[in-house]
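**Student:** Below is a structure I'd like to ask you about.
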Amino acid sequence: MMKLLKGIEVSKGVKLQITNTIKELEEMDKFPQLGIIRVGNDPSDISYEKSIIKNCDSLGIKTKIVELDEKIDTDDLVSAMEELNNDTLVSGILVFRPLPKHIDEEKVRISINPSKDVDCMHPLNLEKIFEGDITGFSPCTPKAAMEILLYNDIPLEGKNVVVINRSMVVGKPLAMMLLEKNATVTICHSRTQNLSEITKNADIVMTGLGRAKFLDDKYFNESSIVIDIGVSLDSDGKISGDVDMDKVNDKISMVTPVPGGVGSVTTSILLKQVVDACKMN
């Protein structure tokens, strides 16, 4: 029978770590606070912001919201970033992306204080991942995917793992994290030829295509473990992952659901990194 790798139990474990660390910080008269920069009023950003604030409130993490006009220029956005960099009460900073096209995102990325960069924007933190240095912050989504594997005691050493995503936000840092665990990693993407042949021979498939129900049973074998990082809307307008759950049902070994899988762990990872930043700073 196919096992669903639900994120809720993993998230509970991460939140327990957060709670314990916050108690330690309070004894040192330290209080974690997340600074959020939102440019414009995109409904998905606002929804995510509300979710983060709710989670922060439940854990005892303070929030500072900086709302900026969509027409703001790069220099003014960087100035807003600098204010949070210099605010000693702010432990970590989150900038909602993607930013408007007229903003120089590279300039924004390098302006964030690396020690407050809890979403791993700054090149220094990304560089640390590629060097195997665990002292920086990791991108939250690939870190959440790894947490699900580790929580479920899924062995990685010597395993063939296919990552279907080559972005600097998900695929490339995820590949580095897997290599640190001695997995053998193949990176695929939207232009990979014979994708089904590659994935079918893998032990673990981690997909972030963002194409609803694109992967059916012909991409897997009965022992496949699938971590679905993709999120998009299907033909009925419902949230879906890359995997067609109806077609893989009981034809693979394990899979994360969407929603309720990687995404439900990602916010917990973000907040853990805020608390870790408070402890380090």
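The values are calculated or read from the model by the stated rules, or taken from the named source; none is laboratory data. Computed from a prediction, not measured in an experiment: that's the story for all the values here. Neighbour counts run over all protein chains shown; Cβ positions are idealised from the backbone, glycine included.
**Student:** From the list 176, 168, which residue is within 15 Å of the chain's Cα centre (by Cα) and loosely packed, with under 14 Cβ neighbours inside 10 Å? Spell out how you get there, then give the answer.
**Tutor:** Values: 176 fails: loosely packed, with under 14 Cβ neighbours inside 10 Å.
Being within 15 Å of the chain's Cα centre (by Cα) and loosely packed, with under 14 Cβ neighbours inside 10 Å holds for just one of 176, 168, which is 168.
**Student:** Being under 28 Å from residue 229 (Cβ atoms), among the hydrophobic types (A, V, I, L, M, F, W, C) and either in the same structural domain as residue 205 (by TED's automatic domain parsing) or at pLDDT below 95 (or both) is the requirement here; does residue 126 meet it?
**Tutor:** yes
**Student:** Here's another thing I want to ask about it. Considering only residues that are touching a Cys at 6+ places or on another chain (Cβ under 9 Å) and assigned to a loop (DSSP other than H, G, I, E, B), look in the range 128-146 and name the one that is farthest from residue 11 (Cα to Cα).
**Tutor:** Only one residue fits best here, namely 136.
**Student:** Check whether at least one residue in the range 93-108 is buried (at least 17 other Cβ atoms within 10 Å of the Cβ), in a helix (DSSP H, G or I), at pLDDT 95 or above and not small (Gly, Ala, Ser), and report yes or no.
**Tutor:** Scanning the range 93-108 turns up at least one residue that is buried (at least 17 other Cβ atoms within 10 Å of the Cβ), in a helix (DSSP H, G or I), at pLDDT 95 or above and not small (Gly, Ala, Ser).
**Student:** Please count how many residues of the range 194-235 are closer than 14 Å to residue 160 by Cβ and either at pLDDT below 95 or assigned to a loop (DSSP other than H, G, I, E, B) (or both).
**Tutor:** Of the residues in the range 194-235, 7 are closer than 14 Å to residue 160 by Cβ and either at pLDDT below 95 or assigned to a loop (DSSP other than H, G, I, E, B) (or both).
**Student:** Kindly list the number of the only condition in (1) part of a loop (DSSP other than H, G, I, E, B); (2) touching a Ser or Thr at 6+ places or on another chain (Cβ under 6 Å); (3) not polar (S, T, N, Q) that fails for residue 259.
**Tutor:** (2)
**Student:** Just give me the residues in the range 201-240 being out of contact with any strand residue (DSSP E or B) (no Cβ under 9 Å at 6 or more places or on another chain) and either aromatic (Phe, Trp, Tyr) or farther than 25 Å from residue 150 by Cβ (or both), in sequence order.
**Tutor:** Once the filter is applied, which keeps residues that are out of contact with any strand residue (DSSP E or B) (no Cβ under 9 Å at 6 or more places or on another chain) and either aromatic (Phe, Trp, Tyr) or farther than 25 Å from residue 150 by Cβ (or both), the range 201-240 yields 217, 218, 235, 236, 237, 238.
**Student:** Can you find a residue that is of a type in the set (A, V, I, L, M) and surrounded by 15 or more Cβ atoms within 10 Å (Cβ to Cβ) anywhere in the range 12-19?
**Tutor:** Checking the range 12-19: at least one residue is of a type in the set (A, V, I, L, M) and surrounded by 15 or more Cβ atoms within 10 Å (Cβ to Cβ).
**Student:** Looking at the range 106-123, which of its residues are within 19 Å of the chain's Cα centre (by Cα) and not hydroxyl-bearing (Ser, Thr, Tyr)?
**Tutor:** 109, 112, 114, 116, 117, 118, 119, 120, 121, 122, 123
**Student:** Further question: Quick check, is residue 152 modelled with pLDDT of 95 or more, closer than 28 Å to residue 237 by Cβ, out of contact with any Phe, Trp or Tyr (no Cβ under 9 Å at 6 or more places or on another chain) and surrounded by 15 or more Cβ atoms within 10 Å (Cβ to Cβ)?
**Tutor:** Values: modelled with pLDDT of 95 or more: yes; closer than 28 Å to residue 237 by Cβ: no; out of contact with any Phe, Trp or Tyr (no Cβ under 9 Å at 6 or more places or on another chain): yes; surrounded by 15 or more Cβ atoms within 10 Å (Cβ to Cβ): yes.
Here the answer is no, as residue 152 does not meet what is asked.
**Student:** Under 24 Å from the mean Cα position of the chain (by Cα) and crowded, with 17+ Cβ neighbours inside 10 Å: does that describe residue 55?
**Tutor:** So residue 55 passes the test.
**Student:** Give just the number: which of (1) in contact (Cβ under 8 Å) with a residue 40 or more places away in the chain; (2) assigned by TED's automatic domain parsing to the domain that holds residue 224 does residue 99 not satisfy?
**Tutor:** It fails just one condition, (2).
**Student:** Let me ask another. Can you find even one residue in the range 237-251 that is within 24 Å of residue 169 (Cα to Cα), touching a Phe, Trp or Tyr at 6+ places or on another chain (Cβ under 6 Å) and of a type outside the set (Val, Ile, Thr)?
**Tutor:** yes
**Student:** Taking the options 94, 84, name whichever one is touching a residue at least 40 places away in the same chain (Cβ under 8 Å) and under 20 Å from residue 141 (Cα atoms).
**Tutor:** Just one listed residue meets the conditions, 94.
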